[in-house]
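Heads up: the structure comes next, in C-alpha cells.
We did not get these values from a lab; they are worked out from the coordinates using the rules stated. Note that the structure is a prediction, hence the values are computed from the model and not measured. Every residue, glycine among them, receives a Cβ derived from its backbone with ideal geometry; neighbour counts consider all protein chains shown.
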Amino acid sequence: MFYDEALQHTGSTTASALGALQTAKAFLHGYARPCTARWPEVTAIINSIEFDAATRDFSLRDDARARMDTCYNQLETAADDAWPEDPDELNTIAMNALDAVADLTSNRVKY
C-alpha cells in the first residue's frame, strides 16, 4: 500500500496533517536539492514549516521567517553581484524554493 493510500485509510486528522506537511516538505526538498549544498539555509527553512490541522494552514515560526528574510537578502545581493552576467542557477533555484515556502506559509496554497 502506498503512503497516500495508508493516509486515506486511517482517516485521522493527525495522519492527514502529517501527510500534508510531509508531502509539502518532500516536494520542496526535492526541488531545492541542487542548491542545498550552497544554500543550507533553504533546507533549514523547509524543515521549519509547520501545519495546523484545525485550520489547515501552513506556517513558519518567527525565527524561521527571520532566517528566510536573511536568506532572501543574501540571494538578492548575490544576484546584484552577478549582474549583468547570467545569475547562478543555484541561486535561482534557492530563490524559487523560498518563494514556494512563502506562498505555502501565507496560505495562498490550500490543502
message: Using a 7 Å offset from Cα along Cα-Cβ at ASN47, what residues in the range 62-93 end up with backbone N under 20 Å from the label point?
response: 62-72
- line: Most exposed first, judged by fewest Cβ atoms within 10 angstrom, GLU41, GLU85 run GLU85, GLU41
